[in-house]
Amino acid sequence: SLFVSGIQVTGDQEDNLVVKAYRKLQSQYNLPGIDVYLHKHIPFGAGMGGGSADAAFMLKMLKDYFGLSVSAEELEVLAGELGADCPFFCRNKPVFATGTGNVFSPVRFSLKGYHLVIVKPAVSVSTKEAFSGITPVCPQQSVRDIIEKLPIQDWKACLKNDFEKTVFKHHPELERIKNLLYGQGAVYASMSGSGSALFGIFNQEINAKSLFPDCFVWEGPCEY
């Protein structure tokens, strides 16, 4: 049984990635029935991998709870069968991802000491909508080189989210939020993934909730 609190989740429970994660391991290890309590806090369509994180942590919790002899590598393979983003959340630390998001390598990256602000308006951007308007291009400078070799103050000029070009045309309020984050002193701001959440990285705390009263807002210190 799945019990959900927080943000309302509609649709068939069997379609929920938490249930799919359980079914994935149940089919291989004959797991008994369980009750699952999910507190949904990350908004839908935000580009932050909320559902993927739920699935990955469900797999990890089941492995620990039932003492399953599943290696970390095997768990990531199973997670990848649930969704392209899921293996990343099995690691739950900064890594450089290639392939479909399932090939990882270490990365010298830390935002420790900075303050992170996430803003998600009522707008949602589906994966289909985001990808339908994008034309992949090879950047002049790789993402890895930018985040490993350049100070964060230089990212604004060269670290781009290619989804923004077309998504901002259809949802100008997202570009307005990004500009407002920079206006409040963000050293870097961007749309998160392919969704409609924007994040800003600051040297100090700001009162983000008062700036964006009609949006989902999260802010706190960067831990990595």
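The values are calculated or read from the model by the stated rules, or taken from the named source; none is laboratory data. The model shown is predicted, which means the values in this text are computed figures rather than measured ones. Cβ: placed from backbone, ideal geometry, glycine included. Neighbour counts: every protein chain shown. These accessible areas exclude ligands, DNA and RNA; they are computed on the full protein's heavy atoms, side chains included. Shrake-Rupley method; radii C 1.70, N 1.55, O 1.52, S 1.80 Å.
When the solvent-accessible area of region 48-205 is split by element, carbon and sulfur atoms take up 54 percent of it, the probe being 1.4 Å. Put simply, the amide H of TYR188, placed in the peptide plane, has neighbours under 5 Å in ILE201, leaving out anything fewer than 5 places away on its chain.
Using Cα-Cα distances under 8 Å and only pairs 6 or more residues apart, what relative contact order does region 61-148 have, in percent? Walk me through the intermediate numbers first.
On the way: 48 pairs, mean separation 15.2, N = 88.
With pairs under 8 Å counted, the relative contact order is 17 percent.
Among ILE34, ILE152, ILE206, which one moves the most in a GNM of the chain with springs linking Cα atoms closer than 10 Å? Top of the fluctuation ranking is ILE34. Pairs of Cα atoms nearer than 8 Å and 6+ residues apart set the relative contact order; for the chain it is 23 percent. By a 1.4 Å probe calculation restricted to protein chains, GLU173 has an accessible surface near 70 Å², given to the nearest 10.
The candidates MET191, MET61, MET48, arranged from most to least accessible area with a 1.4 Å probe in the full protein assembly, appear as MET61, MET48, MET191.
The phi-based Karplus calculation (6.51 cos²θ - 1.76 cosθ + 1.60; θ = phi - 60°) puts the 3J(HN,Hα) values of region 210-224 at 6, 6, 10, x, 9, 10, 5, 10, 10, 8, x, x, 6, 9, 10 Hz, whole numbers, x for Gly and Pro. Result for the chain in a Gaussian network model with C-alpha springs under 10 Å: among PRO32, PRO151, PRO106, the largest mean-square fluctuation is at PRO32. The ratio of the alpha-carbon radius of gyration of region 110-224 to the globular-protein estimate 2.2 N^0.38 Å is 1.06.
Counting only protein heavy atoms and using a 1.4 Å probe, the accessible area of LYS156 comes to about 110 Å². Helix 72-82 and the long axis of the chain differ in direction by around 80°, with both axes built from C-alpha atoms.
Near the amide H of PHE96, within less than 5 Å, lie the amide hydrogens of SER105, VAL107, all on another chain or at least 5 residues away, with H placed in the peptide plane. What pairs in LYS149/LYS209; LYS156/LYS178; LYS93/LYS165; LYS20/LYS60; LYS60/LYS209 have C-alpha atoms more than 22 Å from each other? Distance filter (> 22 Å) returns LYS149/LYS209; LYS93/LYS165; LYS60/LYS209.
Across VAL70, VAL125, VAL187, mean-square fluctuation computed from a Gaussian network of the chain (C-alpha pairs under 10 Å connected) peaks at VAL70. Rounded to the nearest 10 degrees, the inclination of helix 172-183 to the longest alpha-carbon principal axis of the chain is 70 degrees. Placing pseudo-labels 7 Å out from each Cα toward the beta carbon at GLN13 and ALA157 gives an inter-label distance of 5.5 nm.
Given axes a ≥ b ≥ c from the Cα gyration tensor, I'd like to know whether region 179-224 is rounded (a/c under 1.5), prolate (a/b larger than b/c) or oblate.
Rounded shape, in that the Cα axes give a/c under 1.5.
Ordered from largest to smallest accessible area (heavy atoms of protein chains, 1.4 Å probe), the residues ARG144, ARG23, ARG108 come out as ARG108, ARG23, ARG144. Could you state, as a whole-number percent, how many of the C-alpha pairs of region 62-168 are farther apart than 17 Å? Counting pairs separated by more than 17 Å, the tail of P(r) holds 69 percent. Relative to the longest principal axis of the Cα atoms of the chain, the long axis of helix 50-66 makes an angle of roughly 40 degrees. Close amide-amide hydrogen proximity is noted between VAL4 and LEU38, each under 5 Å apart and 5 or more residues distant or on a separate chain (H modeled in the peptide plane; Pro and chain starts excluded). Rounded to the nearest Hz, the phi-derived 3J(HN,Hα) couplings of region 139-147 under the Karplus curve 6.51 cos²θ - 1.76 cosθ + 1.60 (θ = phi - 60°) are x, 5, 10, 5, 4, 4, 4, 5, 6, where x marks glycine and proline.
Can you give the charge dipole size of region 105-182 about its Cα centre, rounded to the nearest 20 debye, using +1 on the beta carbon of Lys and Arg and -1 on the beta carbon of Asp and Glu? Let's see the in-between values first.
Values: 12 positive and 8 negative charges, 24 e Å.
I would put it at about 120 debye.
For SER142 and HIS39, what is the calculated FRET efficiency with R₀ set at 22 Å and r taken between the beta-carbons, to the nearest 0.05? So the FRET efficiency works out to roughly 0.05.
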